[in-house]
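The values are calculated or read from the model by the stated rules, or taken from the named source; none is laboratory data. Because the structure is predicted, anything quoted here is derived from the model rather than measured. With ideal geometry, Cβ positions are generated from the backbone for all residues, glycine too; neighbour counts draw on all protein chains shown.
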2 protein chains.
Amino acid sequence: MDLRIDAARLLSRLEELGRVGATGDGGCARLALTDEDRQGRDLVVTWMRDLGLDVQVDAIGNVVALRDGREPGPPVMCGSHIDTVATGGIYDGNLGVLAGLEVLETLASAGVVPRRPMAVAFFTDEEGSRFAPDMLGSLVYAGGMPVEEAYDLVGIDGARLGDELARIGYLGSLPCPGLVPHAYVELHIEQGPVLEHHDEVIGAVTGVQGISWQEVRFGGQFNHAGTTPLALRHDAGFAAASVAVAARALARELGPPQVATVGKLDLRPGLVNVVSGRSTLTVDLRNTEGDVLADAERRMAEEIDRIASEEGVTVERRQLARFDPVQFDDRIVGLVEETAHGHGHAVRRLPSGAGHDAQMLARLCPSGMVFVPSVGGISHNPAEFTSPGHVEAGANVLLHVLHRLAEEEIVS
Amino acid sequence: MDLRIDAARLLSRLEELGRVGATGDGGCARLALTDEDRQGRDLVVTWMRDLGLDVQVDAIGNVVALRDGREPGPPVMCGSHIDTVATGGIYDGNLGVLAGLEVLETLASAGVVPRRPMAVAFFTDEEGSRFAPDMLGSLVYAGGMPVEEAYDLVGIDGARLGDELARIGYLGSLPCPGLVPHAYVELHIEQGPVLEHHDEVIGAVTGVQGISWQEVRFGGQFNHAGTTPLALRHDAGFAAASVAVAARALARELGPPQVATVGKLDLRPGLVNVVSGRSTLTVDLRNTEGDVLADAERRMAEEIDRIASEEGVTVERRQLARFDPVQFDDRIVGLVEETAHGHGHAVRRLPSGAGHDAQMLARLCPSGMVFVPSVGGISHNPAEFTSPGHVEAGANVLLHVLHRLAEEEIVS
């Protein structure tokens, strides 16, 4: 099969969807279950219906559009999300959904009907910007949270999720957890700098990093910066800075793919001439290997204790988030890699540093992802950009990977 | 001479002055040239007049109360300030003024008239909390700023200093710079923990630390904490934390009295999962030795450059303040030490980490300071406290030091 998607059509849809909730600076804001999200959903559903797909909405507002295969059975599914952060770009999530639609349209236009049914889905509230946690729709789809619990989530604006779902007309009848696909493949922008840095076009995503977020609070003693000798200080700010430096050193020592980030660090009172009496910081540790991540957490905890003890400050810790790493299906990772090579692209196997719906689907079925480069690694920003050539390359890889999976024999 | 001051009278006046602008939590707020400051000034001036002193007000509102000696000539002066910060205690500044008054009253009550005239002064706006810079009144007194320039200073509340001075009735006729004393000695609470830590009663202050304040801004690249490998980061937050750690290491290496403090450190955007694109921090370096302080500044600048270069971030620097160290008069430091020893007190020679009016007077005449312990090193806080016994000890040392200086021969 040497079919290719219609890049102009895909790009035009990306732009049209990007105009819904456009923020005027090249970005868009379609927070989950807002009026803008409804408009975006309505537009995509219209395109799905125009293509003759069977559009179904489930109890958490996930939308699944199905196309029959030559034989009945679990579909090969692709998809992503169309909600955005408040300062979102037009590629994050949207690309995976619209490329999936483009794949189905390309096959339909060419009269190709694979053995298996195919589906393109968009999942509710992937960003988690209005209703935490993120990846909510796919989590509920995969059975990770009861739908009733999800209904009672309260958004940053005080709205109840269940009410908003009904209000925008996307409280569907399909039950959750949802149908189990034969396989799931998601095309997404990398949202990081690695592919661009190595001048590669396609990422065969091996899994999603495990995440450990903790908040650390040090309690020291407010002191005058001039009158207090070093030996008599209990400087909560120095302790916090030391943790940030130690986190980097630990990640360097463990080596890639271990990363460590201190993105938040507050000192109190925060004055030039006062030794900090209190400080708060966050430590974000990630690794694709669960045991290395656990090791990093243990060693970081030891470092924090050592620093607190040496500086004579109290320490409190709070786990903010903890997700184990997800490994994608070896065969699908290989298939992405092989397909991209076949298309003449430079390919890299790499883990995802960000969370994606695919990690929830991976609980249900063999899953994988295709990454295309993000210029400057920039995402969640109006400046988010992926070149038209890379959009096209990614969609064509998706087309052929899905087609291969959809031709696989159905054993009942 | 074995005279002793009346501790009960001194403590009672400290408490009475502390009730003016009392904040209800043991502290008081008498920001410079406010109505509360006026009330405090009026009270102290009443006490000065009751004692028969010749009270004079100068063009910047400094109040100098004089008592004749056996011979005419430049007076031996003591004093401090009675303005406070918004969260002030009742000892900072006030102790030096009221102890000076107590010294003059003790001498008068005993019929002791030293050779030289004696003076007790309080200087306008030492704290600088309403009108920057701090030590303003003594700065103008010493000729460090023209009085017309001072009049045009605008306070945090938008008020013009000259107007406020006139409004509260303390725009005096005595010219600035003021009369040059024979010597100046200021009793003050330590505002630091050193004397208490070493169980000492009297500090013979050797000088005031030089101060170097700078603001450092790093410009890096906002990045996703999950998707950006360490090697591709330009983390402005890591650079800032590294500077805080390097500052401490530098101060340790230079040894006491070098101190270094990073009291302010802001990361942007300040989110758990975002590598900081911008950071701002302050570095406060202090030393009593001008050449060591300059060396610390030079080495700190090199460290900052090295950190910025290694992390690939831009760096901007801004000097916020720079004062050379002040050395007090050797003979007065020795006299304080000898007198305190003579009174049976444990004494320490130590530099002041905070600024004081005495450092301005040191431009005019041999000057020195007497410190008494601050419990817990706490100051600028309603919890500021110095024990009655230490207040008494400090005032008696002041009495005898001033008396010795006032008996010195007058050579014209």
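For the reader, a short list of remarks on this structure follows.
- Residue among A:Ala246, A:Ala241, A:Ala225 that is modelled with pLDDT of 95 or more, within 10 Å of chain B (Cβ to nearest Cβ), in contact with an Asp or Glu (Cβ under 6 Å, 6 or more places away or on another chain) and crowded, with 22+ Cβ neighbours inside 10 Å: A:Ala246
- The lone exception for A:Asp235 - which of (1) more than 7 Å from chain B (Cβ to nearest Cβ); (2) more than 30 Å from B:Arg318 (Cβ to Cβ); (3) touching a helix residue (DSSP H, G or I) at 6+ places or on another chain (Cβ under 7 Å); (4) not hydrophobic (A, V, I, L, M, F, W, C) it fails: (2)
- Here B:Val20, B:Val45, B:Val55 are screened, and the one residue that is more than 13 Å from B:Thr87 (Cα to Cα), in contact with a Gly (Cβ under 6 Å, 6 or more places away or on another chain) and of a type in the set (Val, Ile, Thr) is B:Val20.
- Test: residue in segment A:172-194 that is within 14 Å of chain B (Cβ to nearest Cβ) and assigned to a helix (DSSP H, G or I): yes
- With respect to the stated conditions, A:Asp295 fails to be in contact with a Lys or Arg (Cβ under 9 Å, 6 or more places away or on another chain), touching a residue at least 12 places away in the same chain (Cβ under 8 Å) and surrounded by fewer than 24 Cβ atoms within 10 Å (Cβ to Cβ).
- Residue list for segment B:332-383, filter: acidic (Asp, Glu), touching a residue at least 40 places away in the same chain (Cβ under 8 Å) and over 13 Å from B:Cys78 (Cα atoms): B:Glu337
- Filter pass, B:Arg41 being touching a strand residue (DSSP E or B) at 6+ places or on another chain (Cβ under 8 Å), closer than 23 Å to B:Arg167 by Cα and either basic (Lys, Arg) or buried (at least 24 other Cβ atoms within 10 Å of the Cβ) (or both): yes
- Those residues of segment A:102-146 which are small (Gly, Ala, Ser), under 22 Å from A:Leu174 (Cβ atoms) and crowded, with 20+ Cβ neighbours inside 10 Å, in sequence order: A:Ala119, A:Ala121, A:Gly137, A:Ser138, A:Ala142
- Failed criterion for B:Gly219 (all others in (1) free of Cβ contacts under 8 Å to residues at least 60 places away in the same chain; (2) closer than 30 Å to A:Pro351 by Cα hold): (1)
- Looking across segment A:10-25, the residues that are part of a helix (DSSP H, G or I) and either among the β-branched types (Val, Ile, Thr) or crowded, with 16+ Cβ neighbours inside 10 Å (or both) come down to A:Leu10, A:Leu11, A:Arg13, A:Leu14, A:Leu17, A:Gly18.
- In this entry, B:Ala65 passes the filter for residues that are more than 20 Å from the chain's Cα centre (by Cα) and crowded, with 21+ Cβ neighbours inside 10 Å.
- Single residue of segment B:249-262 satisfying the filter (at the interface with another protein chain (Cβ under 7 Å from one of its Cβ atoms) and at pLDDT 95 or above) that is surrounded by the most Cβ atoms within 10 Å (Cβ to Cβ): B:Thr261
- Hits in segment B:169-215 - residues which are among the hydroxyl-bearing types (Ser, Thr, Tyr) and within 17 Å of B:Ser138 (Cα to Cα): B:Tyr170, B:Ser173, B:Tyr184
- Leading residue by the ranking (modelled with the highest pLDDT) among those in segment A:202-221 that are in a loop (DSSP other than H, G, I, E, B) and either crowded, with 23+ Cβ neighbours inside 10 Å or at the interface with chain B (Cβ under 8 Å from one of its Cβ atoms) (or both): A:Gly220
- Segment A:359-406, subset under 13 Å from the mean Cα position of the chain (by Cα) and assigned to a helix (DSSP H, G or I), residue farthest from the other protein chains (Cβ to nearest Cβ): A:Leu361
- Of the residues examined, A:Leu265 is one that is at the interface with chain B (Cβ under 10 Å from one of its Cβ atoms) and in contact with a Gly (Cβ under 7 Å, 6 or more places away or on another chain).
- Residue within segment A:314-325 that is modelled with pLDDT under 95, away from chain B (no Cβ under 14 Å) and either closer than 17 Å to B:Asp266 by Cβ or surrounded by fewer than 20 Cβ atoms within 10 Å (Cβ to Cβ) (or both) present: yes
- Listed by first and then second residue, the pairs linking a residue in segment A:94-121 that is basic (Lys, Arg) to a residue that is in a helix (DSSP H, G or I), with Cβ atoms under 6 Å apart and 6 or more places separating them unless they lie on different chains, are A:Arg116/A:Ala406.
- Qualifying residue in segment A:240-256 (condition: assigned by TED's automatic domain parsing to the domain that holds A:Gly312, out of contact with any helix residue (DSSP H, G or I) (no Cβ under 7 Å at 6 or more places or on another chain) and within 12 Å of A:Met300 (Cβ to Cβ)): yes
- Output for segment A:169-186, where each listed residue is closer than 14 Å to A:Pro366 by Cα, in contact with a strand residue (DSSP E or B) (Cβ under 7 Å, 6 or more places away or on another chain) and of a type outside the set (D, E, K, R): A:Pro181, A:His182, A:Ala183, A:Tyr184, A:Val185
- Looking only at segment A:394-412, and only at residues there that are hydrophobic (A, V, I, L, M, F, W, C) and touching a helix residue (DSSP H, G or I) at 6+ places or on another chain (Cβ under 8 Å), the one that is surrounded by the most Cβ atoms within 10 Å (Cβ to Cβ): A:Val397
- Qualifying residue in segment A:266-281 (condition: surrounded by 14 or more Cβ atoms within 10 Å (Cβ to Cβ), touching a helix residue (DSSP H, G or I) at 6+ places or on another chain (Cβ under 8 Å), modelled with pLDDT of 95 or more and more than 21 Å from A:Asn223 (Cα to Cα)): no
- The set of residues from segment A:260-282 being closer than 17 Å to B:Ala239 by Cβ and in contact (Cβ under 8 Å) with a residue 60 or more places away in the chain comprises just one member, A:Leu281.
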